[in-house]
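Asker: Below is a structure I'd like to ask you about.
The values are calculated or read from the model by the stated rules, or taken from the named source; none is laboratory data. Just so you know, these numbers come straight off a predicted model, no measurement behind them. Don't worry about glycine lacking a Cβ; one is built from the backbone with ideal geometry, like all the others, and counts go over all protein chains shown.
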Amino acid sequence: MATIHPFKPIRPNPFYADQLVFTKPQAESVSGDYTKAGGLKPLKTLLETGARLRPETAEGQVLAYQDINETLQSLLEKDKLWNEKEEGIYIYEVVHKDYRQTGIWALTDLKDYTDKNIKIHELTFADSIRRMKNYRENTGLEGSPVLLTYPPDTAINAIIERVKVSQPKAVLGNRHGLHRLWKVEDKVIHQRLIEAFAEIKTVYLADGHHRLESAAQLAEEQRQEGLPAYNKISSLYMATDQLRIEEYDRIVAPERQFGKEELFKALNEHFHIRESARNLPVQPKGLHRLGLYFNGEWYHLLAKAHTYESKSNVAGLDAAILQELVLGPIFGIDDPKTDGRLICAGGEKALEEIGAVLQAHPCAIAFTLCPLTVNELISVADAGQILPPKSTWIVPKVPYGLLIHQHKNI
């Protein structure tokens, strides 16, 4: 089940939104042109990443959070940001060049997570949790939502379509894509959505594992200390047929140069290797098919049957096969989370990023992978298993600051 709530977000004044919020659908960061006279820095810089520039000392962090809170207040006072006066649940749609994705933006009760009604597929790491928890405690801000997915539901779909045709929308975007928001203030529709989500049997966390875990930990600490708990989190719900997973590739910058004979002898034990026709970049379209870039040439790698037969959901995935049979034994990369020799590139710009890395590291070796499917992700979560690090590049990436939720009791 999912327990959703309406909320009153902070929104950018439309006149300044193109500076404060970066609107390219695939981007994780934001970008405003503040080099021009009167230009504004992006909200992500003003309200989030600025804290990382301060020393992680008690004094440094106090100053960082003081700056953030003062900046937020200034943006509100100068009418750059607006406080919504009425509660709403939002229909959110991102329009890409070739497709669009639509979902429901609301608050989620953290009890859904602590009661394990939300299934996960990634591990979280203590240092990231610590930093996110400190930020949440000291600012109360959520600049972007966690992304949740669920089986398509006819009742929810019908409400979305009725709202889209009957209510005005706010649009933010450019030639790269559009972000559309419909605010639902009607209490009757709120209740219908709340009831419809309560009937959903299983909800999956697609993106935002660290944010959700840090929020849950902070709320529990606040309750134990007798403080008002930040017990909800900004959430975007997209049905599984709206969600997309794109490729997440690997580049190895080895400590020494590998010869072709040496590398191919090691790879041939587990893969069939053939050259790419006309040396075209290889973007695999099927499971157990990988691409290899080595010494200026592209190759197809087809995993031999023994690499994946009789293995569990996770162990048989390409990212796990690559780590177990290639990155670890051939290159000595045993911890892909921390090894500086491994660079990951994901999303629509993955091949461009690979090209940039190869220019900077001529001896680097790239491996391209077929994107995981949504069904594979759900199978892993249902089995209670955990994906290898950097297995999924999930779309959409919601721009920071489109709707900001702030816990008021700070």
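Asker: Would you confirm whether or not the range 323-332 contains a residue that is of a type outside the set (Lys, Arg) and within 19 Å of residue 286 (Cβ to Cβ)?
Answerer: So far as the range 323-332 goes, yes, one or more of its residues are of a type outside the set (Lys, Arg) and within 19 Å of residue 286 (Cβ to Cβ).
Asker: I'm trying to understand the selection: among the residues of the range 224-243, which are under 20 Å from residue 144 (Cβ atoms) and in contact with a helix residue (DSSP H, G or I) (Cβ under 8 Å, 6 or more places away or on another chain)?
Answerer: Answer for the range 224-243, where residues must be under 20 Å from residue 144 (Cβ atoms) and in contact with a helix residue (DSSP H, G or I) (Cβ under 8 Å, 6 or more places away or on another chain): 230, 231, 233, 237, 239, 243.
Asker: Does residue 149 meet the test of being assigned by TED's automatic domain parsing to the domain that holds residue 14, touching a residue at least 60 places away in the same chain (Cβ under 8 Å) and hydroxyl-bearing (Ser, Thr, Tyr)? Walk me through it before giving the result.
Answerer: Details: assigned by TED's automatic domain parsing to the domain that holds residue 14: yes; touching a residue at least 60 places away in the same chain (Cβ under 8 Å): yes; hydroxyl-bearing (Ser, Thr, Tyr): yes.
Here the answer is yes, as residue 149 does meet what is asked.
Asker: Please verify whether residue 145 is under 30 Å from residue 184 (Cα atoms), in contact with a strand residue (DSSP E or B) (Cβ under 9 Å, 6 or more places away or on another chain), surrounded by fewer than 17 Cβ atoms within 10 Å (Cβ to Cβ) and not hydrophobic (A, V, I, L, M, F, W, C), treating the condition exactly as stated.
Answerer: No; evaluated as a whole, the condition is false for this residue.
Asker: Something else now. If I filter the range 366-410 down to residues being charged (D, E, K, R) and assigned to a loop (DSSP other than H, G, I, E, B), which single residue comes out as modelled with the highest pLDDT? Even if it seems obvious, please write down each step before you answer.
Answerer: From the range 366-410, those charged (D, E, K, R) are 376, 382, 390, 397, 408; that's our starting set.
Okay, now just the ones that are also assigned to a loop (DSSP other than H, G, I, E, B), so 390, 397, 408.
Numbers: 390: 82, 397: 89, 408: 77.
Per the stated criteria, the residue is 397.
Asker: Shifting gears a bit: So if I check each of 262, 255, which one is at pLDDT below 90 and acidic (Asp, Glu)?
Answerer: Numbers: 262 fails: at pLDDT below 90.
Exactly one of 262, 255 is at pLDDT below 90 and acidic (Asp, Glu), namely 255.
Condition check ((1) over 20 Å from residue 130 (Cα atoms); (2) touching a residue at least 40 places away in the same chain (Cβ under 8 Å)) across all residues:
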residue: 192; (1), (2): yes, no
residue: 198; (1), (2): yes, yes
residue: 226; (1), (2): yes, no
residue: 232; (1), (2): no, yes
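Asker: Across the range 238-287, what is the number of residues that are part of a loop (DSSP other than H, G, I, E, B) and closer than 24 Å to residue 96 by Cα?
Answerer: 11
Asker: Which one of these is at negative phi and in contact with a Pro (Cβ under 7 Å, 6 or more places away or on another chain): 290, 302, 377, 358?
Answerer: 290
Asker: Can you list residue pairs whose Cβ atoms sit under 7 Å apart, with the first residue in the range 55-78 being within 19 Å of residue 40 (Cβ to Cβ) and the second being at pLDDT below 90? Count only pairs 6 or more apart in sequence or on different chains.
Answerer: 67/50; 68/50; 68/51
Asker: Give 171, 165, 188 a once-over and let me know the one that is β-branched (Val, Ile, Thr), more than 17 Å from residue 239 (Cα to Cα), in a strand (DSSP E or B) and out of contact with any helix residue (DSSP H, G or I) (no Cβ under 7 Å at 6 or more places or on another chain).
Answerer: Numbers: 165 fails: in a strand (DSSP E or B); 188 fails: in a strand (DSSP E or B).
Only one candidate qualifies: 171.
Asker: Being modelled with pLDDT of 95 or more, outside any strand (DSSP E or B) and over 22 Å from the mean Cα position of the chain (by Cα): is that true of residue 311 here?
Answerer: No; evaluated as a whole, the condition is false for this residue.
Asker: Which of the numbered conditions does residue 84 fail, given that it passes all the others? Conditions: (1) free of Cβ contacts under 8 Å to residues at least 60 places away in the same chain; (2) in contact with a strand residue (DSSP E or B) (Cβ under 9 Å, 6 or more places away or on another chain); (3) surrounded by fewer than 21 Cβ atoms within 10 Å (Cβ to Cβ).
Answerer: (1)
Asker: Can you tell me how many residues within the range 95-131 are of a type in the set (Ser, Thr, Tyr) and in contact with an Asp or Glu (Cβ under 7 Å, 6 or more places away or on another chain)? Write out each step before concluding.
Answerer: So the first thing to find is which residues in the range 95-131 are of a type in the set (Ser, Thr, Tyr), and the list is 99, 102, 108, 113-114, 124, 128.
If we keep only those that are in contact with an Asp or Glu (Cβ under 7 Å, 6 or more places away or on another chain) as well, we get 102, 124.
Count: 2.
Asker: Related question: I'd like to check something: does the range 339-349 contain any residue that is buried (at least 21 other Cβ atoms within 10 Å of the Cβ), of a type outside the set (A, V, I, L, M, F, W, C) and not in a loop (DSSP other than H, G, I, E, B)?
Answerer: yes
Asker: Surrounded by 20 or more Cβ atoms within 10 Å (Cβ to Cβ), outside the structural domain of residue 202 (by TED's automatic domain parsing), in a loop (DSSP other than H, G, I, E, B) and over 15 Å from the mean Cα position of the chain (by Cα): is that true of residue 362 in this structure?
Answerer: So residue 362 fails the test.
Asker: If I filter the range 365-410 down to residues being in contact with a Gly (Cβ under 9 Å, 6 or more places away or on another chain) and among the charged types (D, E, K, R), which single residue comes out as surrounded by the fewest Cβ atoms within 10 Å (Cβ to Cβ)?
Answerer: 408
Asker: In the range 187-210, how many residues are at pLDDT 95 or above and exposed (fewer than 14 other Cβ atoms within 10 Å of the Cβ)?
Answerer: Residues that pass the stated criteria total 6.
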